[in-house]
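Data first, discussion second: the structure below is written as structure tokens.
Read-outs: derived from the displayed coordinates by stated rules, not from any lab. All of these numbers come straight from a predicted model, not from anything done at the bench. So basically every Cβ, Gly included, is an ideal-geometry build from the backbone, and we count neighbours across all protein chains shown.
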Amino acid sequence: MPISMIDPYAATQSIISGISGLSALVSTRIYGVPGILPEGYTLPAVAWYSLGVVTDLYVPKVTIRIGMKVYADTIGSAMTIHRTIHDGLHRKARAVTATTKVISYTAWEEIFSDGFDETINKPFIFSTWVLILGETAHP
């Protein structure tokens, strides 16, 4: 059996961007790898980055571990956005369509903390997640 051809970065971006209600809170400001806010950013925003990817020669799945920061003007706003992401990643219908494949996934949160970024003078919520991604042919 061949190694999975899932692009873990594109799949993760699709999963996070597809969370119901998230675009109403951050619009399209979801920044993937390298996980930093771009020059001229607007808040609120989400920045995520890879902490590692594992594939298996015999199982058509990819595991990606990510770090994520949710930035906002207030800690309450950051928490609301984080809760939306948390609930979205744990919803029962866990599948997104990426080109000709349906990416199914399981996700769990490992670490959750709040903080203050002194470089931008704003609060953030930090979390780490593990996503196990699988693929099936598009119906």
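Of note:
- Highest average packing first - 18-28, 58-68, 38-48, Cβ atoms within 10 Å: 58-68, 38-48, 18-28
- Here the gap between Asp114 and Met79, fully extended at 0.36 nm per residue and compared with their Cα-Cα distance, gives a gain of 11.7 nm.
- Per-q log10 I(q)/I(0), the range 8-137, q = 0.10 Å⁻¹ (Debye; single scatterer per alpha-carbon; no solvent): -0.31
- Taking Cβ atoms as reference points and 14 Å as the exclusive limit, the residues near Val53 contribute a net charge of 0, counting Lys and Arg as +1 and Asp and Glu as -1.
- Under 14 Å, Cβ to Cβ, from Ala72 - net charge with Lys/Arg +1 and Asp/Glu -1: +1
- The range 40-64 residues near the modelled Thr28 label - backbone nitrogen below 17 Å, point 7 Å along Cα→Cβ: 40-47
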